[in-house]
Amino acid sequence: MRQANFAVLALSSLLALTTAIRAQEAEITFKSTELSPGFFMIEAEGGFGGGNMAVLVGDEIVAMIDNGIVPLSDKLFAHALETTGRPVDVLVNTHVHGDHTGANVNFREAGTVIFAHDNIRKRLLADDSPTGGPGGLPDVTYAEGVNFHVGDIEGRIRHVPLAHTDGDSWVHFPAINIIHAGDVLFHSLFPYIDIDNGGTVGGYLAAQREILAVADDDTQIIPGHGMLTDKAGMQADHDMLARSYERVRQMVADGMDADEIVAADPLAEYVADFDWNFISAERLIRTIYRDLGANN
């Protein structure tokens, strides 16, 4: 019953978010910020337009990481073209969710080759596609990762298992010291860990530690959601989740159920800095509780 209630909560939150998106659609715009010569972070302004994206413009190749939601796919496609000056050649989906794949159809119809983890294509084939239609399926899939090259800049795509979902990847550009973390990072926000699509709290924390291990103090880290950050900012996000997980784990070990843990409010100190309209402290507690039951 608790799992059913959690599913209803997730669905109602998604429906409310979708309604808000449609109401704000006309006001939402996209902004590109150049983080390094030819490398741009793209983010939505004025409302929810999807996760954070990036484009790398080379002399011969244009590569992009992620895209936005279906209702704004035409607007995003036009903005990306304005930023790059020519069509995108390669697009990487960091995971399956529609706020990162919703414009796949637009790009693929323009000749873009889409890269994604094996599990993303499998899930898109099995379920209703969040990519704007079946034409948005990835063209090239990988198991552990793959590298691509835009001139002298190498992009290293690395899969992290059972993290935000079961198909997550992050992308490292060593030559310019930039990382796109996908949704294994919600910066200064309680993270969404999608257990129904293979996510786990332990895998999420492990993915963050993998990224932190290759970052240095000067690395620019693009989160799936939230503002551009650095290693210290990501470390703070990791530590919050690790402490939250341990507190809930101990309460479960003491025999408390989910409602009792929510009432005890173990994440109270984090609410002011991390709470947002999609993932509250209560929802993160219930996610951790469910994860503990499923993976222990």
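A few notes on this one:
- Here is the figure for the range 22-74: residues that are within 20 Å of the chain's Cα centre (by Cα), in a helix (DSSP H, G or I) and either among the aromatic types (F, W, Y) or more than 16 Å from D99 (Cα to Cα) (or both) total 0.
- Pick from the range 202-253, criterion part of a helix (DSSP H, G or I) and polar (S, T, N, Q), ranking: nearest to the chain's Cα centre (by Cα): Q208
- Test: G102 is free of Cβ contacts under 8 Å to residues at least 40 places away in the same chain, among the small types (G, A, S), in contact with a Gly (Cβ under 8 Å, 6 or more places away or on another chain) and buried (at least 20 other Cβ atoms within 10 Å of the Cβ): no
- For the range 185-221, the set of residues classified as out of contact with any Leu (no Cβ under 9 Å at 6 or more places or on another chain) and more than 20 Å from D99 (Cβ to Cβ) consists of R209, E210, L212, A213, V214, A215, D216, D217, D218, T219, listed by residue number.
- Pairs, first in contact (Cβ under 8 Å) with a residue 40 or more places away in the chain in the range 130-149, second among the basic types (K, R) and surrounded by 15 or more Cβ atoms within 10 Å (Cβ to Cβ), C-beta under 8 Å, six or more apart: P138/R121
- The range 122-172, residues that are touching a strand residue (DSSP E or B) at 6+ places or on another chain (Cβ under 7 Å), part of a loop (DSSP other than H, G, I, E, B), surrounded by 16 or more Cβ atoms within 10 Å (Cβ to Cβ) and not small (G, A, S): P138
- Hey, F115 surrounded by 21 or more Cβ atoms within 10 Å (Cβ to Cβ), hydrophobic (A, V, I, L, M, F, W, C), at pLDDT 95 or above and closer than 23 Å to M41 by Cα or not: yes
- For the range 6-16, the criterion of being of a type in the set (A, V, I, L, M, F, W, C), at pLDDT below 90 and over 19 Å from W276 (Cβ atoms) is met by at least one residue.
The values are calculated or read from the model by the stated rules, or taken from the named source; none is laboratory data. Note that the structure is a prediction, hence the values are computed from the model and not measured. Note that we place each Cβ from the backbone using ideal geometry, even for glycine, and neighbour counts take in every protein chain shown.
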